[in-house]
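Trainee: Dumping the structure here so I can ask a few things about it.
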Protein chains: 2
Amino acid sequence: MDYALELKRQVARVERGIDQHVPAAATRPGRLHTAMRYSLEAGGKRIRPVLALTAAELFGPADDSALPAAVAIECVHTYSLIHDDLPCMDNDDLRRGRPTAHKAFDEATALLAGDALLTHGFGLVAEAYAGQPVLAHGLMRELAAAAGSRRLVGGQMEDLLAEKKANATADELEFIHLNKTAAMIEAALVMGGLVGLATRSRPIDAGNVEIQALRNLGRHLGLAFQIMDDVLDATADTATLGKTAGKDALADKTTYVKLYGLDAARRMAREHTASALAALATLPGPKDFLHALVTAMAERKS
Amino acid sequence: MDYALELKRQVARVERGIDQHVPAAATRPGRLHTAMRYSLEAGGKRIRPVLALTAAELFGPADDSALPAAVAIECVHTYSLIHDDLPCMDNDDLRRGRPTAHKAFDEATALLAGDALLTHGFGLVAEAYAGQPVLAHGLMRELAAAAGSRRLVGGQMEDLLAEKKANATADELEFIHLNKTAAMIEAALVMGGLVGLATRSRPIDAGNVEIQALRNLGRHLGLAFQIMDDVLDATADTATLGKTAGKDALADKTTYVKLYGLDAARRMAREHTASALAALATLPGPKDFLHALVTAMAERKS
């Protein structure tokens, strides 16, 4: 398996899926749907939807059954980026090398495009899996829990509060990373797994051992991913990163790098990567691509 | 049936339901959950959740089976108010006689509390009806469609665009009112009806004749409600209204009053009320309360 080639293929599937499963830009109101697509089509690594597709393929042959779930996850992820970039939050002008939504449109349109993408995440799952209501329910339950006030939004809130303090604690930092980052990566793998089980006519059971292994994999991959984000913010340059680098140090933000130092942060990322690979090893099916993806995340430069 | 007494009883049920089905204020992060409850507990007419409860009771004896769906609708409605009040949208300082969320907390907290309430609407339905996945799926599908980019958020977007123009057209005004206001009132009645069908072990079919009648009732009630909102903004005072009055004229906003005049607007509200009552007449079960509610909406002073 050629990792770079396979990644490219999966990303292309995701981008085709986005085009297929999100209303056309001309749908009334055109400005809203144009803004939704502007942010969705800005590129990015597409890690979460690719994880959903590959998790589904652990349980059976590759088909497009997990594509709507993958696109739904990317919609929810993109909403969180749009709202996070707003002036009252991180006030970021640049995202993936392009103007952020509120810069390209205006604040109100960006706010509403985020709201609409979050809602579309649920709507898409509800429509696309309408013929399998038990699966649809399982997917929406997972998505709502991961995106909710105890996880994704809760992580954003604690992140915001931590920024206002001189020093956030290790406990606060872990809460933020577990919820702001790892939650949606866990959800991507679990939702992909649920679709995979359903296509094999196996019970949709979030408590089964394979779903638990996917959740564990996602948790460690998410933490490794976020620690590397802190490392890259401290070491990379804006052009390579595609977003403003060095913001954390400038804002005196508590990160793994600030709390533990650069070497220890890198070591912690490696440890979480090892735990993610251990969880992956317990899973069935073709695992080469996921193995390479987990490894690549730990070694990434942007 | 004493309408005022029965309304008070239903509103009390809704407020008990909110307390029961929304995370406690102390749930981590406390600031987020405190803000969510601040806006949810601000009172208001509770029209949408009361409609959901009473629609369910058309199909069988009163119990609490529709309460989680009713609370979910109020969560989504409250999110839309919080985001609508933000400085980049209507920039309103007062809501239901109290400071708006971004005034009582700050913009970022209000933004996230709105995001979390929207997500909680879906999460609550997913958890509360987990034992009835077909019903849960039907409810979430309805909620996502009503709150999505073609309806609730789409209505907000067109409303915003219309405000920037000298004169919005009748078509634009109808799009706004159908989607910004009527969509969630329709969804409340339909979701209540779906729970009512399920408790009678009847198929959850959004296409059945009773669900269609509920949708029709909601559409006309929603339009009557919104036209009365325009009338009240033009005629009531801030103290009675519990929110800033006269804003539409000040902003030269296109409303039914501006487009058709006060008398014609009042007549149109009466016509939609009559159509709502005609739809109600085709439905089974005890209808006195819904009849009184529809009539009261058309005659309301705030």
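Trainee: Over 26 Å between Cα atoms, which of B:LYS45/B:LYS253; A:LYS103/A:LYS165; A:LYS164/B:LYS180; A:LYS247/A:LYS287; A:LYS258/B:LYS103 qualify? Working shown, then result.
Mentor: Working: B:LYS45/B:LYS253 24 Å; A:LYS103/A:LYS165 28 Å; A:LYS164/B:LYS180 36 Å; A:LYS247/A:LYS287 36 Å; A:LYS258/B:LYS103 33 Å.
Pairs exceeding the cut-off: A:LYS103/A:LYS165; A:LYS164/B:LYS180; A:LYS247/A:LYS287; A:LYS258/B:LYS103.
Trainee: Evaluate 2.2 N^0.38 Å with N set to the residue count of region A:49-175, then give the Cα radius of gyration divided by it.
Mentor: Working: Rg = 16.8 Å, N = 127, 2.2 N^0.38 = 13.9 Å.
Ratio of Cα Rg to 2.2 N^0.38 Å: 1.21.
Trainee: Once you keep just the Cα pairs under 8 angstrom separated by 6 or more residues, what percentage relative contact order results for region A:3-299? Show your work: numbers first, answer last.
Mentor: On the way: 452 pairs, mean separation 57.6, N = 297.
Computed over region A:3-299, the figure is 19 percent.
Trainee: Could you calculate the FRET efficiency of A:ASP2 with B:LYS103 from 1/(1 + (r/R0)^6), where r is the beta carbon distance between them and R0 is 45 Å, rounded to 0.05? Kindly include the intermediate steps, with their values, before the conclusion.
Mentor: Numbers: r = 56 Å, r/R0 = 1.24.
After rounding, the FRET efficiency stands at 0.20.
Trainee: Could I ask something else about it? Per residue, what volume in Å³ does the Cα convex hull of region B:1-121 take up? Intermediate results must be reported in sequence, preceding the final value.
Mentor: Values: hull volume 12.0 nm³, N = 121.
Hull volume normalised by residue count: 100 Å³.
Trainee: Also, I was wondering about something else. In whole angstrom, how far apart do the alpha carbon centroids of region B:1-54 and region A:137-163 sit?
Mentor: If we compute the Cα centre of each part, the gap is 22 Å.
Trainee: What is the distance in Å between the Cα centroid of region A:68-118 and that of region A:210-265?
Mentor: Each part reduced to its Cα centre gives a spacing of 20 Å.
Trainee: How far is B:ASP252 from itself in the other copies, in nm, if each label sits 7 Å out from Cα along the Cα-Cβ line, shortest first?
Mentor: Spacings between copies for this position, smallest first, are 4.8 nm.
Trainee: Compute the convex hull volume of the Cα atoms of the protein assembly as shown, divide it by the residue count, and report the result per residue in Å³ as a whole number.
Mentor: Values: hull volume 83.4 nm³, N = 604.
It comes to 138 Å³ per residue, whole-number rounded.
Trainee: While we're looking at this one, here's another question. What is the magnitude of the charge dipole of region A:180-271 about its Cα centre, with +1 placed on the Cβ of each Lys and Arg, -1 on the Cβ of each Asp and Glu, and no other charges, expressed in debye to the nearest 20? Could you put the intermediate results ahead of the total?
Mentor: On the way: 12 positive and 11 negative charges, 38 e Å.
Roughly 180 debye for region A:180-271.
Trainee: Would you please state the base-10 log of I(q)/I(0) at q = 0.21, 0.27, 0.31, 0.33 1/Å for region A:146-193, with intensities from the Debye formula using one equal scatterer on every alpha carbon?
Mentor: Those come out to -0.64, -0.89, -1.05, -1.12, one per q.
Trainee: What value does region B:3-299 have for Rg/Rh, both radii from Cα atoms and Rh as Kirkwood defines it? All intermediate terms of the calculation are to be shown ahead of the outcome.
Mentor: Values: Rg = 18.3 Å, Rh = 19.3 Å.
Radius of gyration relative to Kirkwood radius: 0.95.
Trainee: Between B:ALA24 and the same site in the other copies, what are the distances in nm, shortest first, taking label points 7 Å from Cα along the C-beta direction?
Mentor: Inter-copy label distances (nm, one decimal, shortest first): 5.2.
Trainee: Using only the alpha-carbon atoms of region A:218-302 as identical scatterers, what base-10 log of I(q)/I(0) does the Debye formula give at q = 0.13, 0.14, 0.19, 0.25 Å⁻¹?
Mentor: Evaluating at q = 0.13, 0.14, 0.19, 0.25 Å⁻¹ gives log10 I(q)/I(0) of -0.44, -0.50, -0.81, -1.16.
Trainee: About its Cα centre, how strong a charge dipole does region A:20-79 have in debye, to the nearest 20, once Lys and Arg get +1 and Asp and Glu get -1 at the Cβ?
Mentor: Details: 6 positive and 5 negative charges, 75 e Å.
For this selection, approximately 360 debye.
Trainee: With runs of 4+ DSSP H residues as the only contributors, calculate the mean residue ellipticity of chain A at 222 nm using -39,500 (n - 2.57) per run, divided by the residue total and rounded to the nearest 500.
Mentor: Numbers: 16 runs with 209 residues, N = 302.
Per the formula, -22000 deg cm²/dmol.
Trainee: Between the label point of B:ALA278 and that of the same position in each other copy, find the distances and list them shortest first in nm, with every label point placed 7 Å from Cα along the Cα-to-C-beta direction.
Mentor: With the label placed 7 Å along Cα→Cβ, B:ALA278 yields 7.0 nm.
Trainee: Find which of B:SER275, B:GLY193, B:GLY17 sits farthest along the positive direction of the dipole of the protein assembly as shown, computed with +1 on the beta-carbon of Lys and Arg, -1 on that of Asp and Glu, about the Cα centre.
Mentor: It is B:GLY193, whose Cα lies furthest towards the positive end.
Trainee: Mean Kyte-Doolittle of at least 0.0 plus a Cα span of 20 Å or more along the axis: flag which DSSP H helices in chain A meet both, please. Show your work: numbers first, answer last.
Mentor: Details: long enough: A:3-21 (26 Å, -0.83); A:67-85 (27 Å, 0.61); A:107-128 (31 Å, 0.93); A:133-147 (21 Å, 0.89); A:183-199 (24 Å, 1.76); A:209-235 (38 Å, 0.31); A:262-281 (29 Å, 0.12).
Taking the DSSP H segments of chain A (at least 20 Å long, mean hydropathy at least 0.0), we get A:67-85, A:107-128, A:133-147, A:183-199, A:209-235, A:262-281.
Trainee: Just to confirm the filter: which GluC sites (Glu not before Pro) across region B:182-287 are DSSP coil and have at most 11 other Cβ within 10 angstrom of their Cβ? Please list the in-between numbers first.
Mentor: Details: sites: B:GLU186, B:GLU210, B:GLU271; in loops: none.
Within region B:182-287, no GluC sites (Glu not before Pro) qualify (loop, at most 11 other Cβ atoms within 10 Å).
Trainee: Charges only on Cβ, +1 for Lys and Arg, -1 for Asp and Glu: so what's the dipole of the protein assembly as shown about the Cα centre, in debye to the nearest 20?
Mentor: Working: 68 positive and 76 negative charges, 89 e Å.
In total the dipole reaches around 420 debye.
Trainee: Given R₀ = 45 Å, what would the calculated FRET efficiency be for A:ALA25 paired with B:ALA281, taking r from the Cβ atoms and rounding to 0.05? Let's see the in-between values first.
Mentor: Values: r = 43 Å, r/R0 = 0.95.
Computed FRET efficiency for A:ALA25 and B:ALA281 comes out at 0.60.
Taken together, the values in this text are just the output of simple stated rules run on the coordinates, not laboratory data. Because the structure is a prediction, the values reported are computed rather than measured. No Cβ is skipped: glycine too gets one built from the backbone with ideal geometry, and neighbour counts run over all protein chains shown.
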